[in-house]
Structure formats: structure tokens, C-alpha cells
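Report on the following structure.
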């Protein structure tokens, strides 16, 4: 398109300098429109990330229930069996402890497994291997044996799936030294963090969210490049603000952004931080933000006691106490197993109104 | 026969698997393991535990005992029994079909796993149990709950998430509990119910031996073929045999775990063989035939009640629908589905009752009509029931709500009458 217009500008002859400038300006904005309008679902982002890492490194393989012939229980591994064959995409029997153990053993011996849990609730059947065989090995062996494995799958509540399918495991895994715990939100997060996780020499717990899989996000050209990678341990400021800092991760980022819109209407400018990495936690970004705004609201979907929010509050109180103008606020899921009934489930999870209310409380705008 | 069967299987990782093989590789196999077309007679499954009988004398093969009580007439059931079985299977089928309709209308949500095609197993076993016997199941538990006696209204309301449900709307499709009927769940994780069932059987034995109560209760654990690759299954087989627990392990082998064929995930697919390895009889029965299942169940339940220990029963069955209502069910071959649809347990029982003059078509039609009305009434009831109140969110977390701790005023939180009105901010 550039070429045609340039030729017409040159051949036209009658084009004045100003009209040429106008033309070029129009072309430039047309190009940036085209770049910004590229969208990708989180599902495709994850799929492309695994695909590219598998083609780049033959030691990477995928293992899990229904990842092959069924194309993935949530279609994240779609097409991988056809592309890489059954030697690199393993459909396992329903035996989490067994196949997680096999994955860890393969990582000990030098391969790079990507182990999928159909939901992270099922990882409880394999948690011994994640913690004791994977997380602690590099330490116990004094650096001789590192475990370059990725455990990934949907985490947290979905819609109406009951108590045994809805728990959030971020806090549990993030409390273990030796593990890295990541929680993407957008498609770009998903792609960049998963690629970083697969390339990482340590065990990574990658917490996705079932309800985000189908959501589309704009994605930059840079993120589509096959060497794109996001740094582990760095949070992202999704929205700049000056009145209150709201930190969160995974699906709740969407809720918090909506809450920030509502707060903006009322004159409160909220700074939204997407944690991206639960362990290591980006305390520097969080504290710098709190020192700027003087108020903190932390949001998560999981159980309140000993949650990710608790850790953030502790960190802020320890490091930025004199900057705080209001008590720190925690919004978490209700302290109950997830009920099945639709109205109770809505009550058990943080909603946009809860976040708005807490932010206003922190800004002393309401009781 | 068993060894030749194993040898014909293309094992995962072999050269043949390089191409995407069509999922149905079962057809050419000669053994009657899949697709048994035996007519309704006394179970004639030959592949029974007998090899180890010499070594372990107290464990008797089921086949031998059944042979001993030669029936004088050729009928296996009376008219009353037949009608009870028929009604139970029709209830299971109609209920599940109604669930599918309601799901697509948005009245039900989340994960719903339907039992169509497997009714013979539930009816065959559970109709032999008393109210105080326990049943433990998986997420495919609606029909187990119904057979055990939980009312259709209670189950349907639970599925709609209403307060009149058997778990007040807090459990959902996969978590049907009923203390009154000793339905101990409804578990989402496969294999999770097996240790729980083993524990219930343990309690039964404990009551008898330690508490000196008169307790003949048995427990039946239902689970699928996928579960048989899970460690908990083996751990419980070992302990049940070791402690001689009154439990029956019922494998509903429907050949598929979501999209994973049983043959692709199991090194030795004949599950009944795993019983003798742990010292209990292993029986294989045609799970599409309620009368055969019932005969095997009778013997297994009697064994358990007599204190002779556990039995492993593998029922070859099939689910007519997908794994759940969200499963597109693309991997199963149409020919396989048609083959099992032809062996529909309800049609088979109907044929048996009519041919043996135990019931007329008219009587069976009356039953079908009665069940249709019952299921529709259950839907109306569930629709009209209220959703759980806000205060229910914090109820039933603990049996002793002091577990919520002491509030800022120094009193237990649960003593504050406004305690359950809070939300996520509590």
C-alpha cells in the first residue's frame, strides 16, 4: 500500500508538500490502526506459545489427560499431536501422581516437560511431586539437579462447577521456596509468560483461568514474534492512577479494570497492578505504587486466610508503612467452599461492586 | 485367552501409533470382552478367579457358588421384582434425558454427567441393598442417588441449585449426598470415592466387632475404567482384602474416559483380573443386562454380609451420551455406539418381561407414563423452589460453627445473629 501511494505521489507531480504530508499522516495512522486491531484469544496465545517452544527445542514435550487425541480438555493443546506426534504429546491415564512424577523424573534427566492438569484442583493428587520432588530438588542436591518443568492448567473458580473444582491454588504454591508461580491475564501475558516458563530452568507453576480462555485481547506485533518472552517477577501497571493502588492477578484484573472505570467516574483515580508473577512477587513495583498513592486495595479470588493478598499487605506494611494514609484493604473470595447454587456462587466471589466499595473506603469517601 | 488378548493391542508408543489411528480398534478382537451378545441366562462369564484358589482357600470364585444353587425354574426374577427393576431403570433414563433438556435451557449449569445406557449397573446392584447399606459414587451420580432412594424432586432441585435440593443447592450435580439414604457422595475427583467407601465398610466391620452392634451393612463403590489406573484404587483393593471389609468394588467399564479409550491408557485392560492379584474374587459381567448384573450382585453382597470380604465386579457397559453435556463426543465411533445402543438394557429387560409373560406391554407403558409424570413434576417443583438465601453462604462450613473463631468483641463469631449476613468481606 505504501508503494502504490508513493508512486502516485511521485508520478502525480501536482501534489503539494502539504498534501503529501497529509497523505503520509493518514497512512501512518492507518498502519497503527492495523497493528492495534490484531486480537488473540488466551487459548490461541497459549497454544502458539507451546507450539513455538516445542518446535524450537526438541526436549520440550507435553503430557497430561486428553492433551492429544481430544485436542486438550480446553483445547489449549489443539493441533499439537498432529504436528509433533505421540512421542512428544502424551495422553496419560488418569493418574496425576504417576504422570507428574514421571514428568519430574524426566526433568531431572534433562528433558523439559510441560505437564497439564485438567484443573489445578487435580494437582492435589500430585502435590507431593510438585513440592518435594520438583521444588526442593535443586536445593537438596546443592545445584546438581535442576528441574526445568512447567505445571500448567486452569486454576480458580469457573461457572457452577462446585466446591471440588473451584479452588485457587496461588497461595499454596507461592508459599514454597524453589517454585516460580505465574498467573497471566491477557493474551500477551499468556504468551510471554508461558514461553518464559518453558525456557526457565526451574519448576514453574503456571496458573491459567478457564473463563479467560475464550476472551480476546489486543496483541502487539512484538508479542507475536517467536522469541517474545516476558520477565518472570515483574508486575505490569495496567492503568496508571494517583489515588489508590489496586493489585490483583488473573481473572480479577478484568474486574478491577471495570471497577477502576467506575471509580474514575466518581473522581477516584486508581492505579491497577497486574501481578503476573505471584512468586517471585514484584514487591518493588507494588511498594513504589503505594508510595505514590498512599492507599492499597488487594484483590484475589481465592480463600482469604493466608492468601496472596495477605502477603502483599504484609509487604506494604513492612516497607511502606509511613506512606500509608489508610488501612490496607483485602478483597478475597468468601471463607467457604464454593457453593454450587448460582446466586451463592456470585456471593462467594469478589464482584466489581465489592472492589469499588473497598477503594472508596480506602479513600475515605464512604463508611 | 487373556495373554493373547493383551498381545493384539497396539501399545502406546509403538510404531503403529505414528499415524492417528481411528479410535475404534476394538472390532477385530476375538474375545467377548467387548460386545457380548449372550442371551439372558445365569452369568456364564468364564474368565473368573480360579487360578489362585488353591493358594488362598477362603476366597471362592463367584461362578462356582452360583452354579451350585441351580434354579429350578428358568426365570431369574418374579413379576414384582421385574417391575421394580423396570421402573428404576426407566426413572434413571427419563431423569437423565430431562437433565439434558434442562441444561440446554439454562436451568442447570456447570458440569453435568449423564448416565444413559448404564442403568443396568445401578439398578442391578442398588435394588438389592437396604436403606442402611451405603453407596459411594463419582460425578456420574444422579442415577445412583435415585436408585438408592433419594427423591427425583430432591435431585432435580439440587441440579437447579435450589434450597430444596438434597444438599440445599450447595453441592450440585457432582456432589449428591444423602445421610438418610446413606448415599455418601458424589465426588468430582475420580478414585476419590473408593477410599471413602472403603472407610464406610470399615465402619460397618468396626461396629460389629468393636462396638458389638448388629451390623450387616455393606458398601458398594461405583467408579469407571479410568479410575482403575489411579493409585487409590489399588491401595483400597489391598486394604479391603487385608481387613476383609464388606465392600463391593463395581467398575462401570464404559470403555471411555472423556476421550481416552480404555485400551490406550491401560496396560492390561481386563480389570477383573486385578481382584485376584489382591486376594479377592474378580468377576466380569455383561453390564448391559440387568439380570446378569443382579445375579452377580446378589452373590457379592451375600459374601460381604457373611464377612467373607470384598469382591471386584467389572461391568462391561456403555454411556450413550458424551462424557458430560459439554463434551462433543467426536472420538467415539458411530459403529461402536450403534452396537451398544442395540443392547439397551431397558429394551432388553422389557423383552424379557414380555416374552416370559411376567408383564404385559400395557403394564410397562403405565410405568413409563407414571415415571414421565414424576419427572415432570420434579422439574416443576424445582422450578418453583426458591434459590438459597444469602445467609446460607456461611452455613454448614463447620459442624461446630465455633470454627469461625472469635470476633473482635471477644465472643464467638457464630453467636452474633447477624453473622451470616456478611459477604466476601467477612
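Values in this text are rule-based calculations from the coordinates and carry no lab data. Please read these numbers as outputs of a predicted model, since none were measured by experiment. All Cβ positions, glycine included, derive from the backbone under ideal geometry; neighbour counts span all protein chains shown.
Data table
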item: For region B:88-142 versus region A:280-296, the gap between their alpha-carbon centres in whole angstrom; result: 52 Å
item: Orientation-averaged projected area, Cα convex hull of region B:154-196 (nm²); result: 2.9 nm²
item: Alpha-carbon radius of gyration plus Dmax, which is the widest Cα pair, for region A:37-122 in Å; result: 12.8, 44
item: Whole-angstrom gap from region B:279-349 to region B:193-251, using each part's C-alpha centre; result: 19 Å
item: Fewest-first sequence of B:314, A:87 by Cβ atoms within 10 Å of each Cβ; result: A:87, B:314
item: Region B:198-322, relative contact order [Cα under 8 Å, separation at least 6], %; result: 30 percent
item: Residues residue B:357 and residue B:397, FRET efficiency given R0 of 60 Å [Cβ-Cβ distance, rounded to 0.05]; result: 0.60
item: Percent of Cα pairs exceeding the 23 Å cut-off, where the set is region A:219-339; result: 31 percent
item: Average partner coverage of B:385-393, which counts Cβ from other chains inside 10 Å; result: 4
item: For region A:72-226, share of DSSP beta bridges that run antiparallel, in % to the nearest 5; result: 0 percent
item: Likely footprinting exposure, A:115, B:163, fewest C-beta neighbours within 10 Å first; result: B:163, A:115
item: Number of partner chain Cβ atoms within 10 Å, mean per residue of B:218-227; result: 1
item: Per-selection Kirkwood Rh - chain A (Cα, Å, 1 d.p.); result: 22.1 Å
item: Region B:182-275 - Rg over Rh from alpha carbon coordinates, Kirkwood radius; result: 1.02
item: Residue order, fewest to most beta carbons within 10 Å, for A:92, A:41; result: A:41, A:92
item: Calculated [θ] (222 nm, deg cm²/dmol) that DSSP helices of n ≥ 4 give over chain A, each run adding -39,500 (n - 2.57); result: -12000 deg cm²/dmol
item: Residue mean of other protein chain beta carbons inside 10 Å, B:110-119; result: 2
item: Mean projected area (nm²) of the alpha-carbon convex hull when region B:216-349 is viewed from all directions; result: 8.6 nm²
item: Quotient of Cα Rg and 2.2 N^0.38 Å for region B:255-298, N being how many residues it contains; result: 1.37
